[in-house]
Each structure stands twice: as C-alpha cells, then as structure tokens.
Amino acid sequence: MSETEGQETQPASAETGSKVPQLPHADPAAMTELCARGFDGAVGLEYTEISADVVRATWEVTPSLHQPAGIMHGGVLCSVVESLASIGASIWLGERGHVVGVNNNTDFLRASRRGRLVAEARPIHRGRTQQLWQVDITNDEGKQVAQGKVRLANIVDTGSLGH
C-alpha cells in the first residue's frame, strides 16, 4: 500500500506533480498511523484526541529516547510540542491552506528516565495569518515535565511553500 493510498489528497502541485495527503480529521488512530511513518513513529507517539481545540497524545520514555546522561533528550519534547501544535493548527485551518511552524519555545521542567508521558495542546491565538499554541507535557504522576509554545504561519498560497 502506498503512503497516500486510501487517504484524501489535495490537488497535485503544478510544479512538482505530487499530491499532499490531507490530515485524517479527528481520528486519533488514523493520525497515529499516518504520523508513525515519520519522526513521531520513532518517538512512539500515539494520538488519543484530535480537534481544532485540543490535541492529546501519549508515549513511553524508553532508552532509545535518552541522551548520554540517561534521561530523555530535550529534542524529543520539542518535537512532540511541534507535532501536536501543528496538527491542531492544521485541523483548525482546514482546507484553507497549510500551517508551518515558525517558532518553537520549549521549557524543560523535569527530567524523565522512564514512564508514560502525556502531551496536551490548546490554542492561545488563532488569527488570519498566524496561530499560537501551548503544549503541556506531564508524567504518569501528573507532574509537569515540559511546556512549549509554537507560533505557526497560516499559508493559504501553498504553491509558495518550499521556494
């Protein structure tokens, strides 16, 4: 099965001829499957709730996510923050265009060696040209591990992306 088989796609770009898969709106299992093909799959991210107002996901901290000191690498937290904010922003913008992250500021509050983490993204601002989302990450004891904010540009002229 090809990566886009069974998924809705946007029309082919005039320049590249390739189709861009549409996000599976509000279907956490389909989103988990789609995103597992990329970096989210390496992290083991599993989406549990998706809407234009909240995105939730969870993953297990494993040694493969550790940095040399034996704790989870901060880049994992940054990427989870980026992923959830981008999905929520994309769902909200819908067929009007695409979103691209232009700033990710993630604060690391508590180290993690093992256990299940939960991330929750919520919009702070959704405007014509940009969105701002906050993502809170907690451990299985309910203690906050990280907090991030991602500013995203709403791109309505998707033909200009990548140039």
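A few comments on the model shown:
- Hits in the stretch 135-148 (condition: touching a helix residue (DSSP H, G or I) at 6+ places or on another chain (Cβ under 8 Å) and not hydrophobic (A, V, I, L, M, F, W, C)): GLY148
- Looking across VAL150, VAL76, VAL156, one residue alone is of a type in the set (A, V, I, L, M) and at pLDDT below 95. It is VAL156.
- GLY70 falls short on exactly one of the conditions (1) over 19 Å from VAL135 (Cα atoms); (2) in contact with a Phe, Trp or Tyr (Cβ under 6 Å, 6 or more places away or on another chain), and that condition is (2).
- Complete set of residues in the stretch 29-52 that are β-branched (Val, Ile, Thr) and either within 11 Å of VAL80 (Cβ to Cβ) or more than 13 Å from the chain's Cα centre (by Cα) (or both): VAL43
- Selection within the stretch 140-163 - under 15 Å from ASP107 (Cα atoms) and free of Cβ contacts under 8 Å to residues at least 40 places away in the same chain: LYS143, GLN144
The values are calculated or read from the model by the stated rules, or taken from the named source; none is laboratory data. Here the structure is a predicted model, which is why all the values come from computation and not from measurement. A quick note on method: Cβ atoms are made from the backbone with ideal geometry, for glycine too, and the neighbour counts reach across all protein chains shown.
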